[in-house]
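Take a look at the structure below.
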Amino acid sequence: MSIKIVFFILLFILKLNYSIIAKEKGDGMKTDDFDYELDEELIAQTPLEKRDSSRLMLVDKKSGFYKHEIFKNIINYMHKGDVLVLNNTRVIPARIIGIKESTGAVIELLLLKDLGDVWECLVKPSRRIKKGDVIEFGDGKLKAICTSEFSEGVKHFKLSYEGILLEILEELGTMPLPPYIHQKLENSERYQTVYSKVSGSSAAPTAGLHFTKELLKEIENKGIEILYVTLHVGLGTFRPVKESDITKHKMHSEYFEISKEVSDKLNKAKMEGRRIISVGTTTTRVLESVYHKYNHFKETKEETNIFIYPGFEFKAVDFLITNFHLPKSTLVMLVSALAGKDNILNAYKIAVSEKYRFFSFGDAMMIGDFKDDKN
């Protein structure tokens, strides 16, 4: 065999290995790779009467094996010593509708993030508002002055009011339900988790909507440690992916907190080899952000723009409890990183055929390694 032929064989092998490595890192993956077909009738418009009566699909992250369950039975798949971590953020009435002072045009703001002096907001219609424009809400009870403009309808506003902003929003604002929910929510608390505590989100951490106080008590009584972190859900979580190459998508940052007590308990659990079960993609992003940055859990208050997609190495989370997410979203990419794209898309296909309920008020999925479960 000539040296030239040997060279080309080695070159081919190197290219093949690079291709495999690149694929594992997400290079070359397209947004369309995370698409799936969904009948609109499967999009849940209202929450179930009983939170924990929703359906639950168990998906083994290694084999892709799946099983159908009811959410309240999730306790059967938790072991004594496990750590259950939840996001205790609380949704504010962040959608407010007002009048542009100079023209009388009707303008809608969605408050996304408190930046201190200003708020980051989504504006509809965005083209009607420029820097310096003033929007009035509630006959002047609240005013918003545009201080800067960005792309995709995002602008900064300085809010002018007397009193406590949250109380004013409770009076003037409405719950910021996703655009695919067309029915009115009769009880706004159903878009809050039963353990919500720290106000600041413009969307709910929906995986937690399935838990009841009774179920959490049962879980605790079984010897499972329950811990809380905070991430205020904003544009980073629900902004759609518009780039065809997923690696070019830029996540907006979101504020999170993790306390010393929680970080110490998580480090102890890691050291003892106990399983960490994350409730929701927002909780997962907190835990993985901290662990990847510091190589352990640490008390911190900061921002994260972590984007988790296939090829990501999970260091913090063993199991994930989550809902069924929109096609081609960063959330589908995150769960695909944990269980593999083919396993997830197959599970979604089964969920569609079995008439699971999708998205915010829909059913749930638990992803992990179920080899030790006898159920």
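Points worth noting:
- Check on Val118, among the β-branched types (Val, Ile, Thr), modelled with pLDDT of 95 or more, under 29 Å from Lys242 (Cα atoms) and surrounded by 11 or more Cβ atoms within 10 Å (Cβ to Cβ): yes
- Count of residues meeting criterion [in contact with a helix residue (DSSP H, G or I) (Cβ under 7 Å, 6 or more places away or on another chain) and among the hydroxyl-bearing types (Ser, Thr, Tyr)] in region 253-278: 2
Rundown of residues vs (1) surrounded by 15 or more Cβ atoms within 10 Å (Cβ to Cβ); (2) farther than 30 Å from Gly273 by Cβ; (3) within 19 Å of the chain's Cα centre (by Cα); (4) not acidic (Asp, Glu), yes/no style:
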residue: Phe157; (1), (2), (3), (4): yes, yes, no, yes
residue: Leu166; (1), (2), (3), (4): no, yes, no, yes
residue: Pro179; (1), (2), (3), (4): no, yes, yes, yes
residue: Leu185; (1), (2), (3), (4): yes, yes, no, yes
residue: Lys217; (1), (2), (3), (4): no, no, no, yes
residue: Lys222; (1), (2), (3), (4): no, no, no, yes
residue: Gly234; (1), (2), (3), (4): yes, yes, yes, yes
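- Taking strands (runs of 3 or more DSSP E) as the structural unit, those lying wholly within region 129-239 and holding at least 1 residues that are assigned by TED's automatic domain parsing to the domain that holds Leu331 correspond to 198-201, 225-231.
- Taking the numbered list (1) more than 30 Å from Glu41 (Cβ to Cβ); (2) crowded, with 16+ Cβ neighbours inside 10 Å; (3) out of contact with any helix residue (DSSP H, G or I) (no Cβ under 7 Å at 6 or more places or on another chain) in turn, Arg128 passes all entries but (2).
- All positions within region 81-97 that are under 16 Å from Gly138 (Cα atoms) and surrounded by fewer than 22 Cβ atoms within 10 Å (Cβ to Cβ): Pro93, Arg95, Ile97
- Pick from region 139-155, criterion surrounded by 17 or more Cβ atoms within 10 Å (Cβ to Cβ) and at pLDDT 95 or above, ranking: nearest to Lys242 (Cα to Cα): Lys155
- Test: Ile70 is buried (at least 20 other Cβ atoms within 10 Å of the Cβ), of a type outside the set (Ser, Thr, Tyr) and more than 22 Å from Ala337 (Cβ to Cβ): no
- In region 28-62, the qualifying residues are those that are at pLDDT 95 or above and among the small types (Gly, Ala, Ser), and the one that is farthest from Lys355 (Cα to Cα) is Ser53.
- Elements of the type strands (runs of 3 or more DSSP E) sitting completely within region 41-104 and holding at least 3 residues that are under 19 Å from the mean Cα position of the chain (by Cα) and farther than 30 Å from Glu120 by Cα: these cover 55-60.
- In region 236-248, the residues that are in contact with a helix residue (DSSP H, G or I) (Cβ under 7 Å, 6 or more places away or on another chain) and buried (at least 17 other Cβ atoms within 10 Å of the Cβ): Thr237, Val241, Ile246
- Qualifying positions in region 187-199 - touching a strand residue (DSSP E or B) at 6+ places or on another chain (Cβ under 9 Å) and either polar (S, T, N, Q) or surrounded by 21 or more Cβ atoms within 10 Å (Cβ to Cβ) (or both): Ser188, Tyr191, Gln192, Thr193, Ser196, Ser199
- Residue match in region 291-301 (condition: of a type in the set (Phe, Trp, Tyr), loosely packed, with under 15 Cβ neighbours inside 10 Å and free of Cβ contacts under 8 Å to residues at least 40 places away in the same chain): yes
The values are calculated or read from the model by the stated rules, or taken from the named source; none is laboratory data. In this text, all values refer to a predicted model and were calculated from it rather than measured experimentally. Every residue, glycine as well, gets a Cβ built from its backbone with ideal geometry; the counts of neighbours run over all protein chains shown.
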